[in-house]
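All remarks here apply to the structure that follows.
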4 protein chains.
Amino acid sequence: MKTNLKALFLNCTLKKSPVTSNTEALISKAVSLFKELGVESKVIRIVDHQVAFGVTSDEGNGDEWPTILAEIKQSDILILGSPIWLGDKSSVCKMVIERIDASTSEQDENTGQYPLYNKIGGVLVTGNEDGAKKVCAEVLFSLNHSGCTIPPNAMAYWVGEAGPGPSYLDAEGDKHLFTNKNLRFLISNTVYFAKLIKEQPITTNLHKLTQEAEQESKG
Amino acid sequence: MKTNLKALFLNCTLKKSPVTSNTEALISKAVSLFKELGVESKVIRIVDHQVAFGVTSDEGNGDEWPTILAEIKQSDILILGSPIWLGDKSSVCKMVIERIDASTSEQDENTGQYPLYNKIGGVLVTGNEDGAKKVCAEVLFSLNHSGCTIPPNAMAYWVGEAGPGPSYLDAEGDKHLFTNKNLRFLISNTVYFAKLIKEQPITTNLHKLTQEAEQESKG
Amino acid sequence: MKTNLKALFLNCTLKKSPVTSNTEALISKAVSLFKELGVESKVIRIVDHQVAFGVTSDEGNGDEWPTILAEIKQSDILILGSPIWLGDKSSVCKMVIERIDASTSEQDENTGQYPLYNKIGGVLVTGNEDGAKKVCAEVLFSLNHSGCTIPPNAMAYWVGEAGPGPSYLDAEGDKHLFTNKNLRFLISNTVYFAKLIKEQPITTNLHKLTQEAEQESKG
Amino acid sequence: MKTNLKALFLNCTLKKSPVTSNTEALISKAVSLFKELGVESKVIRIVDHQVAFGVTSDEGNGDEWPTILAEIKQSDILILGSPIWLGDKSSVCKMVIERIDASTSEQDENTGQYPLYNKIGGVLVTGNEDGAKKVCAEVLFSLNHSGCTIPPNAMAYWVGEAGPGPSYLDAEGDKHLFTNKNLRFLISNTVYFAKLIKEQPITTNLHKLTQEAEQESKG
């Protein structure tokens with residue numbers, strides 16, 4: 001099977017290459033599964049690039065976000081991978097969310113749709129303990145808010161039991177049934193929806209709806 | 001325009017009828033907009049029914065959840081409406097989430113899909129101040145986790161400025177452009193996806209994917 | 001050692017007695033440790049009482065919250081115990097938070113302080129997997145917002161690894177070092193602060209500060 | 001009145017000086033109020049310094065966090081100021097939380113206490129709309145987890161009504177009663193507790209409690 005679908009992963013680990021990233025290990029599994037379904041993947045490790053704090057799409061001074069945003073725009077499936085720190089997504093993940101959110105100001109001339117409309121969103125999380133569902137909820141909300149469609153079970157995560165302990169790779173999390181099962185649900189459902197939307201792009205006209213809302217609202 | 005689509009709203013206000021529910025007022029707007037698109041709506045105010053705390057689909061002793069769950073299963077679009085209390089969704093909303101989550105144990109014999117697969121989820125929130133996005137994120141996460149697809153901009157909310165102040169109706173929130181605009185985005189996108197999925201139901205076979213995951217995972 | 005300090009635990013499990021509550025098991029440990037420090041404890045399992053949804057301190061019609069609120073007012077240390085459902089605190093816990101929040105409208109005639117001022121807050125959480133820190137953060141925020149002081153490390157929790165698995169008791173979570181360690185930190189610090197505040201109650205005059213704020217603010 | 005107490009504010013705006021920071025404006029009010037109570041303040045705008053992503057206390061390569069951590073250690077009151085972006089604390093705020101969390105590995109030789117024990121924590125938030133309580137809850141949780149005591153009402157925030165709108169300064173949020181009132185509660189209570197703890201530092205011995213926990217737990 002071969003599709004023309006592209007998946008983009010943004011790895012939001014705090015650690016620069018070549019340090020081991022457990023989140024990258026889970027992403028690698030997803031890349032293999034996408035390949036089986038004929039979906040080509042690209043992985044960007046954010047901290048290996050010079051991405052600026054900010055809420056515009058180009059903060060200048062060598063900001064590399066514009067290149068990453070271009071990759072996002074060319075993808076059909078966008079998956080954020082985040083580690084857990086103190087029960088929360090990483091600061092790098094939040095920085096990426098802030099930059100993605102800025103893209104909503106670029107609206108299609110005719111439909112008013114944001115650049116992430118017609119893209120499918122998902123999330124992968126690893127941590128040595130507790131916090132995954134919070135991270136998933138916040139990442140999926142942010143992607144949805146910026147235009148992505150979220151198919152059923154759009155998340156997969158691995159965490160160990162309460163307190164300090166081995167991380168995903170050391171704990172052989174790659175053999176953890178729950179995580180592997182959810183990863184396959186995520187892969188299958190994102191591909192199903194990416195195909196659907198590619199064939200039948202969303203027709204919602206945000207400009208027209210905004211005008212209707214203006215008529216009904218007070219000055 | 002006439003569709004065979006059905007929308008179900010679960011109003012999670014803490015107040016029993018006939019006390020005014022601001023969340024109900026926002027829901028009523030959504031019902032009108034759905035009607036314009038040929039979608040029939042039903043609204044259930046949870047506290048007017050005897051719904052038990054629990055994590056099964058029937059807690060017995062007069063628990064009315066089974067009837068509500070039957071309505072959910074017959075709907076194409078499921079929207080939770082919640083007020084904000086102390087910056088958070090209502091306890092009634094959380095109770096509903098717990099009951100909906102229980103439905104994931106009823107899996108289709110062939111595909112393993114949960115009852116909420118092929119349904120489109122959304123959220124409406126009103127509060128006199130701060131907390132809406134948190135409520136939206138948590139409700140959408142829960143619906144997604146239980147099987148719903150979340151289309152772009154699947155939320156609409158109204159809140160006033162920091163601190164005590166008038167609620168949605170008293171503040172004429174029904175004329176607030178931002179809320180009215182987002183409500184129309186929500187309506188339009190949920191209908192678009194509900195039609196799409198009705199025509200082309202999700203084919204993902206969770207049973208088969210679980211078996212593959214078992215083979216790859218440790219005993 | 002004997003003090004005149006009282007600790008109150010509100011167990012927010014969804015299960016009525018006599019069904020086993022894992023959260024109750026962790027609470028029992030805390031009760032023993034308080035006893036060693038001369039602190040008398042009382043445990044109330046909310047679902048064994050008829051507590052109404054609402055945001056006042058007495059919803060009438062047999063609402064048993066007023067009795068529980070009286071117990072809260074007589075305590076020096078207030079600890080909420082919650083299970084985790086879908087990565088979140090229980091609906092019963094949220095209901096308790098809504099009712100506690102209502103107490104802030106009863107302000108001391110002279111100082112304007114709420115009933116929970118001069119009380120020390122903490123939280124205990126059990127779940128079979130993921131979600132504890134989110135629950136802790138939200139419970140502690142709510143207690144703090146309603147007037148409690150939160151001493152360092154005011155939380156203890158147990159969760160297992162990602163996905164379905166045994167709960168606290170079945171997993172012998174009572175022998176889990178991380179949980180036991182944090183429980184002792186919680187106990188010791190709540191007692192330290194309860195003594196301190198008992199001897200030197202907070203002198204902040206909220207009425208006076210409100211007046212100053214009024215002078216500085218626009219009509 | 002003159003005390004020997006020091007307050008440190010970490011402003012987590014995304015914008016470098018000299019761009020206007022609304023969060024800085026709210027911080028300035030707090031500085032004035034602290035001054036009236038004889039408390040000396042210092043404000044650090046994080047993005048004006050080269051702070052590295054990471055989870056250690058010195059990430060090398062010119063990382064300026066060690067200097068900031070030294071300031072934290074010399075303070076009695078630590079207040080994080082954060083803007084709101086997409087209903088959430090800023091990425092800079094999360095980065096600061098990650099770095100502060102790293103400090104818990106430096107434990108007092110005798111008591112095992114972390115560097116932030118005996119410090120009082122608080123939070124200030126500004127945003128043009130919705131999200132403040134979530135930010136407050138997460139910041140206070142993180143400070144508490146790292147050792148801070150959280151006094152009653154340890155937060156003050158300003159947000160406008162739902163959707164785009166003017167920010168704190170443009171909206172004359174500095175004259176908003178609710179925000180000004182809460183700010184004074186925060187100031188008064190942090191000072192009360194800072195004095196109390198300065199006179200009677202926490203005696204909890206974390207080393208001893210850990211040993212007791214080890215005896216009770218399984219190998």
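Values quoted throughout were computed directly from the atomic coordinates according to the rules given, and no laboratory measurement underlies them. As the structure is a computational prediction, the values presented were derived from the model and not from experiment. Neighbour counts run over all protein chains shown; Cβ positions are idealised from the backbone, glycine included.
A Stokes-Einstein calculation at 20 °C with viscosity 1.002 mPa s, built on the Kirkwood radius of segment D:27-72 over Cα pairs, returns a diffusion coefficient of 175 µm²/s.
Inter-part distance, segment A:134-150 to segment C:76-94, computed on C-alpha centroids, equals 25 Å. Excluding same-chain neighbours fewer than eight residues apart, the lysines reachable from D:K175 by a Cα-Cα span under 25 Å are C:K208, C:K218, D:K15, D:K29, D:K35, D:K42, D:K89, D:K133, D:K134.
Looking only at chain B, where both bridge partners belong to it, what percent of the DSSP beta bridges are antiparallel (to the nearest 5)? Before the final figure, lay out the partial values.
Details: 2 of 25 bridges.
Just about 10 percent of them are antiparallel.
Could you work out how far the C-alpha centroid of segment B:186-214 sits from that of segment A:1-40, in angstrom? Answer, in whole Å: 23. Mean-square fluctuations from a GNM of chain C, with a 10 angstrom spring cutoff on Cα atoms, peak among C:E64, C:E129, C:E172 at C:E172. Taken one residue at a time, the phi angles of segment D:159-175 give Karplus couplings (6.51, -1.76, 1.60, θ = phi - 60°) of 9, x, 6, 3, x, x, x, x, 8, 2, 5, 5, 8, 6, x, 5, 10 Hz. Gly and Pro are set to x.
Determine the relative contact order of chain C: mean sequence separation of Cα pairs under 8 Å and six or more apart, normalised by residue count, in whole percent. For chain C, the relative contact order is 21 percent. For the segment C:184-196, counting C-beta atoms of other chains within 10 Å of every residue's C-beta and taking the mean gives 4. Charged neighbours of A:L69, selected by a Cβ distance under 15 Å, balance to -3 (K, R count +1; D, E count -1). Relative to the longest principal axis of the Cα atoms of chain A, helix A:91-102 runs at roughly 20 degrees.
Taking the Cβ-Cβ separation of D:L169 and C:H207 as r and a Förster radius of 25 Å, what is the calculated FRET efficiency to the nearest 0.05? E(calc), rounded to 0.05, equals 0.30. Relative to the other identical copies, C:S17 shows label-point distances of 3.7, 6.1, 6.1 nm, where the label point lies 7 Å from Cα along the Cβ direction and values run shortest first. Taking a ≥ b ≥ c as the square roots of the eigenvalues of the alpha-carbon gyration tensor, segment D:1-116 is classed oblate because a/c is 1.5 or more while a/b is no larger than b/c.
Across every direction, the projection of the convex hull enclosing the Cα atoms of segment B:138-219 has a mean area of 9.0 nm².
For D:K94, the aspartates and glutamates whose Cα falls under 12 Å of its own Cα, not counting residues fewer than eight places away in the same chain, are A:D88, D:E138.
Straight-distance candidates among the aspartates and glutamates for linking to B:K6, with alpha-carbon spacing under 15 Å and chain neighbours fewer than 8 residues away dropped: B:E36, B:E40, B:E71, B:D76, B:E199. Compared with the dominant principal axis of the Cα atoms in chain B, helix B:65-74 is inclined by about 80°.
In this Cβ point-charge picture (+1 for Lys and Arg, -1 for Asp and Glu), segment A:35-169 has a dipole of about 320 debye about its Cα centre. So who's got an amide H within less than 5 Å of the one on D:V43, skipping anything under 5 residues away but keeping other chains? H placed 1.01 Å off N, in plane. Long-range HN contacts for D:V43: D:F9. Counting only Cα atoms, the size of the protein assembly as shown along its three principal axes is 71, 65, 64 Å, in decreasing order.
Would you tell me the mean number of C-beta atoms belonging to other protein chains that fall within 10 Å of each C-beta in D:160-167, as a whole number?
For this peptide, the per-residue mean of nearby foreign Cβ atoms is 6.
With label points defined 7 Å past Cα in the direction of Cβ, position B:S105 shows copy-to-copy spacings of 3.9, 4.3, 5.0 nm, given to one decimal and shortest first. In sequence order, segment D:108-122 has phi-based couplings of 4, 3, 8, 9, x, 5, 7, x, 8, 4, 6, 10, 9, x, x Hz under the Karplus curve 6.51 cos²θ - 1.76 cosθ + 1.60, θ = phi - 60°, and Gly or Pro positions carry x.
If Lys and Arg each add +1 and Asp and Glu each add -1, what is the summed charge of the other residues whose beta carbon sits under 10 Å from the beta carbon of D:S82? My count for the surroundings of D:S82 gives 0. When only the Cβ of Lys, Arg, Asp and Glu is charged (+1, +1, -1, -1), the dipole of the protein assembly as shown relative to its Cα centre reaches about 0 debye. For segment A:75-182, the convex hull drawn through the C-alpha positions has a volume of 95 cubic angstrom per residue. Each peptide in D:30-40, A:105-115 was scored by the mean count of other Cβ atoms within 10 Å over its residues; highest first, the order is D:30-40, A:105-115. Both the radius of gyration and Dmax for segment B:6-216 are 17.3, 59 Å, in that order, over alpha-carbon atoms.
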